[in-house]
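Here the structure is laid out as structure tokens; the discussion comes afterwards.
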Amino acid sequence: MHQCPNCNQTLHLPGKDIRVVACACGTLVNLRPDNRPEVMEAGSIRILEPGAYHYLQPGTTGTWKREKFTLSGRLLAEGPGGAFNYWTAVFENGAATMLSEGYGHYSMFRKLETMDGPGWIQVNRSDAGATIYLNGNRPYRLVRKSAYEQLSIEGAICIPVPGTPFRTAELFSEENGYLELFYFGNDLAAIFELEFLEPEKFLFAHTAATSFNSSFSCVQCHTTLTSVTVPYTRNIICGSCQAQYTYNYFGQHFELLKKASFNDERSTPYLLPGMEGSLNKIPFTVVGCCIKEETSGDYPSWTEYTLFNPEEGFSYLSEYKGHWVYVKEWPRPPLISEKGKDYIIENDNHFDLYNAYRYQVKFAWGEHIYDLHHTRHTYVREFVYPPQTLIEETSGSEECWFYGEHINPAEVKKAFRITTPPPTRYGTGSVQPLMIVDLPGVIKMGVAAIVLLLVLHMVSAMSKQSKSILTTTFNFQDSVKQTYTSNKFYLNKPLSNIEFKLRAPDLSDNWVEVSGTLVNTDKGLSFPFSRTLSFYSGIEEGERWSEGSTEGSALLTEIPEGNYYIEFEGVSDSNRSMNEVTIQTLYDVPVHRNLKAVILIVCITGAIHVLISNYNKNKRWNA
């Protein structure tokens with residue numbers, strides 16, 4: 001039993017690893033290593049109002065690795081780069097760990113006790129993408145470094161004695177996973193291994209019924225402005241007068257930044273802040289939109305819409321010349337198995353570098369989770385594997401990866417229940433999954449390919465000898481089984497073939513099987529073959545029918561040069577009579593079946609291209 005040193009109220013400790021508790025009297029209580037409670041000097045640490053800002057709350061339950069947990073509290077860390085929540089999850093056995101959450105990313109923490117890392121000064125001198133070594137020789141890539149100036153606590157947490165400045169460094173290695181390093185001041189306090197999960201994997205229950213909204217009146221035009229993404233919002237732009245506001249996380253309010261510095265009014269956005277819709281079965285609210293422009297080249301510009309869902313976080317819709325891409329930030333870098341100057345391979349998919357640029361914001365409206373006036377330092381690379389794209393954004397402090405997919409304009413219109421048509425499409429989008437072919441061109445190419453194949457086949461056939469080596473006849477009048485061994489003969493090509501042509505002109509309602517072996521006397525090689533002829537006929541219900549054939553052939557390929565002889569054996573039905581079967585042996589003959597197969601493949605390929613092309617054309621016109 002623990003009591004608050006300030007008001008003597010009993011402190012509820014939901015787990016054995018709880019270190020800090022926010023008492024109802026407004027006092028932050030720290031539990032020392034000997035479990036003796038003491039009042040914390042709050043400084044820049046404050047107590048959050050219950051349920052502030054988020055649908056997760058103390059009392060929310062979930063499951064991780066088949067073990068149930070309850071959220072007992074959180075540490076909200078805010079700084080110039082954004083905000084993040086570090087929730088304490090208490091399991092049924094009393095053990096506690098951290099669940100980090102922010103911007104739609106969720107991860108469970110596992111503390112590493114035996115790993116050494118660099119101090120904050122070394123981390124702060126490094127840019128995102130630099131190599132950081134742990135335990136002296138284990139390399140990691142610096143993904144993000146963050147400094148938090150304002151800490152807020154709600155409920156009971158397992159983070160020991162937090163203080164400001166609170167800093168974190170996120171490291172990634174394809175071999176060793178994702179780590180987050182905690183710094184209080186300049187000292188490394190702890191290293192955690194992170195496991196990222198989709199929110200639905202946690203099976204959250206007992207979440208807040210409503211999300212937190214923050215409203216205020218625009219000082220310039222008195223329009224009511226509402227934020228639904230606090231504490232992640234960095235800027236709000238008034239849609240009526242373009243006045244710009246920045247979020248002051250110390251005072252928890254919005255401050256006027258500039259008056260109407262965004263004057264680009266080229267068009268009205270297709271999606272307006274406040275619109276609600278559903279994409280991939282996820283309900284979203286449009287919270288912001290902006291026009292971005294590259295800072296070099298032809299200065300192309302595109303429109304980007306920010307979508308928000310309290311559980312799923314943020315997603316984006318990017319529209320350029322009527323082509324739409326649905327984009328979501330990944331919580332960690334992709335697992336790249338191979339990369340070059342202009343490509344990366346992720347999950348066996350080859351993404352080619354499509355564009356690289358820096359950008360600036362020309363027009364904005366609504367809420368935005370980054371500083372709209374400090375984007376020029378961000379370097380963007382877009383890799384495409386239609387209909388997918390991977391987007392890398394790097395700056396000195398972070399490396400962010402986004403995954404995107406082409407989305408049809410009609411889907412956007414339907415998702416947000418808009419009656420007006422979407423922006424007209426021009427050209428082909430970077431990840432547009434359309435394959436359009438010209439039907440006359442396909443026919444011409446197909447005909448040209450077939451003619452070329454015929455010419456090549458004729459040239460090849462002219463070089464063949466088609467030499468008759470021997471002719472053998474089996475007579476089955478006296479016996480149903482016949483054998484024959486030929487004289488030796490020489491085959492003079494390094495590699496060629498032998499064809500056996502069988503004819504049994506008087507075969508009727510009977511069968512005959514001819515088998516044999518071509519024997520190379522130089523190397524002891526043998527090449528067996530077998531062929532059965534059968535022919536049956538009759539009259540049924542006044543109709544004459546027949547089945548089988550009195551002629552056939554067998555082909556041996558890749559026959560090397562050398563001396564040979566052939567052993568033949570013929571067998572026929574003992575219950576039916578037949579006269580004879582003739583076997584003609586031909587050397588180095590043209591093979592027509594390969595030509596037929598290739599021509600068939602050319603025709604099928606052309607037909608498939610035409611069908612897919614027609615399908616894609618229909619999709620284009622129906623968009």
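Things to note:
- For region 254-271, the candidate set comprises residues that are under 30 Å from Leu76 (Cα atoms) and at pLDDT 90 or above; within that set, the residue that is least open to solvent (accessible area, probe 1.4 Å) is Phe254.
- Residues of region 466-482 satisfying the condition of being open to solvent by 70 Å² or more (accessible area, probe 1.4 Å) and within 23 Å of Asp522 (Cα to Cα): Lys467
- Residues of region 106-130 classified as part of a loop (DSSP other than H, G, I, E, B) and open to solvent by less than 80 Å² (accessible area, probe 1.4 Å), total: 8
- Exactly one residue out of Glu170, Glu175 is in a strand (DSSP E or B) and either open to solvent by 60 Å² or more (accessible area, probe 1.4 Å) or within 20 Å of Pro139 (Cα to Cα) (or both), and it is Glu170.
- Lone qualifier among Glu547, Glu551, Glu540, Glu499 - being more than 24 Å from Ile469 (Cα to Cα), assigned by TED's automatic domain parsing to the domain that holds Ser572, acidic (Asp, Glu) and at pLDDT 90 or above: Glu547
- Qualifying residues in region 2-24 (those that are small (Gly, Ala, Ser) and surrounded by 19 or more Cβ atoms within 10 Å (Cβ to Cβ)) - the one farthest from Lys68 (Cα to Cα): Ala22
- Count of residues meeting criterion [open to solvent by 30 Å² or more (accessible area, probe 1.4 Å) and either touching a Cys at 6+ places or on another chain (Cβ under 8 Å) or in contact (Cβ under 8 Å) with a residue 40 or more places away in the chain (or both)] in region 83-94: 1
- Total residues in region 131-153, condition open to solvent by 30 Å² or more (accessible area, probe 1.4 Å) and either under 30 Å from the mean Cα position of the chain (by Cα) or of a type in the set (D, E, K, R) (or both): 8
- Scanning region 518-535 for residues being part of a strand (DSSP E or B) and either open to solvent by less than 60 Å² (accessible area, probe 1.4 Å) or at pLDDT below 90 (or both) gives a total of 8.
- Among residues of region 558-577 being at pLDDT below 90 and of a type in the set (Ser, Thr, Tyr), the one that is surrounded by the most Cβ atoms within 10 Å (Cβ to Cβ) is Ser572.
- If you go through region 285-325 and pick out every residue that is free of Cβ contacts under 8 Å to residues at least 60 places away in the same chain and not polar (S, T, N, Q), you end up with 7.
- In the set (1) assigned to a loop (DSSP other than H, G, I, E, B); (2) open to solvent by less than 80 Å² (accessible area, probe 1.4 Å), the condition left unmet by Phe69 is number (1).
- Yes/no for Leu225 being outside any loop (DSSP other than H, G, I, E, B), under 23 Å from Tyr55 (Cα atoms) and either modelled with pLDDT of 90 or more or in contact with a Phe, Trp or Tyr (Cβ under 9 Å, 6 or more places away or on another chain) (or both): yes
- Considering residues of region 326-367 that are basic (Lys, Arg) and in contact (Cβ under 8 Å) with a residue 60 or more places away in the chain only, the residue least open to solvent (accessible area, probe 1.4 Å): Lys328
- Residue list for region 377-419, filter: among the hydroxyl-bearing types (Ser, Thr, Tyr) and either outside any strand (DSSP E or B) or over 16 Å from Tyr316 (Cβ atoms) (or both): Thr378, Tyr379, Tyr385, Thr394, Ser395, Ser397, Thr419
The values are calculated or read from the model by the stated rules, or taken from the named source; none is laboratory data. This structure is a prediction, so every number in the text was calculated from the model and none was measured. Note: ideal-geometry Cβ built from the backbone for every residue, glycine included; neighbour counts use all protein chains shown. Side chains included, ligands, DNA and RNA excluded: accessible areas come from the protein's heavy atoms. Shrake-Rupley method; radii C 1.70, N 1.55, O 1.52, S 1.80 Å.
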